[in-house]
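Report on the following structure.
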Number of protein chains: 2
Amino acid sequence: MPADSAPRRHTRDGVALAALAILDEWGLADLTMRRLATSLDVQPSALYWHFPNKQSLLADLADLIVARVRPVAVTDAAWPEPVRAEAAALRDALLAYRDGAELVASTLALGLGGEASVTRLADAIAGGGFDAATSRRAAVALLHFVLGQVGYEQQRLQFDSLGVVPAGSALDDTPPHEAFAFGVDLFVTGLGAPHLGTHNARPAPTGRGTDAAGRRPRA
Amino acid sequence: MPADSAPRRHTRDGVALAALAILDEWGLADLTMRRLATSLDVQPSALYWHFPNKQSLLADLADLIVARVRPVAVTDAAWPEPVRAEAAALRDALLAYRDGAELVASTLALGLGGEASVTRLADAIAGGGFDAATSRRAAVALLHFVLGQVGYEQQRLQFDSLGVVPAGSALDDTPPHEAFAFGVDLFVTGLGAPHLGTHNARPAPTGRGTDAAGRRPRA
DNA sequence: ACCTGAACACCGTTCAAGT
DNA sequence: ACCTGAACACCGTTCAAGT
């Protein structure tokens, strides 16, 4: 190995990894450019050579977190099992980093990162025979629930560890993992029901490629 | 009227209202204690006589916003119509103030404000014949979706108005109001379906007060 | 009861300049 | 290519002191 390699100090990826470490140890509120600079033994201004601003750094972190979603085994398990599995895998990935849900939610809204999460959910949903548009719409709705639930969960975790949660202040005493499964179930059950997308049950239109739920006939 | 009333300068409520005005005009990120102080012609430190910290001020704002949820007319409309109506009323109340959803979501997690929103949803759901625990669990799940969807919607609104939304960066091109209705439908349809709360459809247990969905028999 | 003045310990970002 | 040094325009919060 070359003992006198180039005096290259930091890379964009290295900075992102250091940021991820701070996120996990201190949380999003304490992930500051100045603290990150200190952890890299560098002046704050140095970071702006690697990233144009803090927001784009956070977008990279969101992508990293979502990219780590565990691959869901392709089994022959009947729909909607794969949807539940994808949702659970996404939850786990968000829980793997402190404030993961809040971070992903904020960058998703800016259209900067975390996009992969929707795609995965949509693909799993499409396995139920829904058309692309319906699958995506449902995936976005499910994603909002997932981010909301896990974000709430993570906020509570942090205040718990600070010992400052007012007693009885929880929205519900159902254990987080069960509350999550319950919500996902509501979604997939709703998707599976016949008269979706209409406010009143109506017979599905005939002679078209999809019924009122955007469901394609099984091949 | 007494011309020489006491030299009382500001009240807690007055400060909260001024904060609400700043929230609406500038958004949550620009609602700073210093800016609020300036708008009241007061030093920043003066605010700390009315509120122990910024967080408790924000909690008051969340309560104000949620308290303004339009009363949903008690009609004889069949369930789940009242649930849809409550969800829509909550969305409107959140949309009435810039960043309303984000504000309510953050204070809800701390157990500091916005609690009324869950109760209203739970009551509407209970109208479908579910027991209190099930109704609340479902309300919390629905609330997470509502806050997520509206929060996303409001973030997009702001970046739109700044003209800085990357083209094609939307999660979905469904109009917000329709995406919202779609998500709520998924929920209430799921709730209405028979085999809720179990991962596999099973015959409802017999001889008990509720079925597997926590549903009580109609009186 | 309500506020001022001054301070403390922070932020994100820019930009000329160095190596 | 990568970073320093210095500055700009901010934050939330505390606390003694004023009226």
Relative contact order, percent, of the stretch A:33-116 when contacts are C-alpha pairs under 8 Å separated by at least 6 residues? 32
Scale the Cα Rg of the stretch A:10-103 by the rule-of-thumb value 2.2 N^0.38 Å and send over the ratio, two decimals. 1.31
Across A:178-187, the residue-averaged tally of Cβ atoms belonging to other chains within 10 Å stands at 6
Net charge of neighbours whose Cβ lies under 14 Å from the Cβ of residue B:48, counting Lys and Arg as +1 and Asp and Glu as -1: +3
Using a label point 7 angstrom from Cα along Cα-to-C-beta, what distances in nm, from shortest up, separate residue A:75 from the other copies? 4.5
Order by protection proxy (mean Cβ within 10 Å, highest first), peptides A:69-77, B:83-91, B:142-150: B:142-150, B:83-91, A:69-77
Relative to the other copies, what are the label-point distances for residue B:9, with labels 7 Å from Cα along the C-beta vector, expressed in nm at one decimal and sorted shortest first? 4.7
log10 I(q)/I(0), Debye, Cα-only the stretch B:67-168, no solvent, q = 0.09, 0.11, 0.23 Å⁻¹? -0.25, -0.37, -1.20
In peptide A:167-173, how many Cβ atoms from other protein chains are near each Cβ within 10 Å, on average? 5
From the residues A:79, A:45, A:59, which one has its Cα farthest along the dipole of the stretch A:23-81 in the positive direction, the dipole being from +1 and -1 charges on Cβ of Lys/Arg and Asp/Glu about the Cα centre? A:45
Place a point 7 Å from the Cα of residue A:116 in the direction of its beta carbon; the residues of the stretch A:45-64 whose amide N falls under 15 Å from it are A:59-64
Placing the label point 7 Å from Cα along the Cα-to-Cβ direction, what are the distances from residue A:132 to the equivalent spots in the other copies, shortest first, in nm to one decimal? 5.0
If packing is taken as the average count of other Cβ atoms within 10 Å, what order do B:93-103, A:16-26, A:117-127 fall into, highest mean first? B:93-103, A:117-127, A:16-26
Taking each residue of B:130-138 in turn, how many C-beta atoms of other protein chains fall within 10 Å of its C-beta, and what is the average? 2
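Computed from the coordinates by the stated procedures, all read-outs in this text should not be read as laboratory data. Since the structure is predicted, the reported quantities are computational estimates derived from the model, not experimental observations. Glycine gets a Cβ as well: all are built from the backbone with ideal geometry, and neighbour counts include every protein chain shown.
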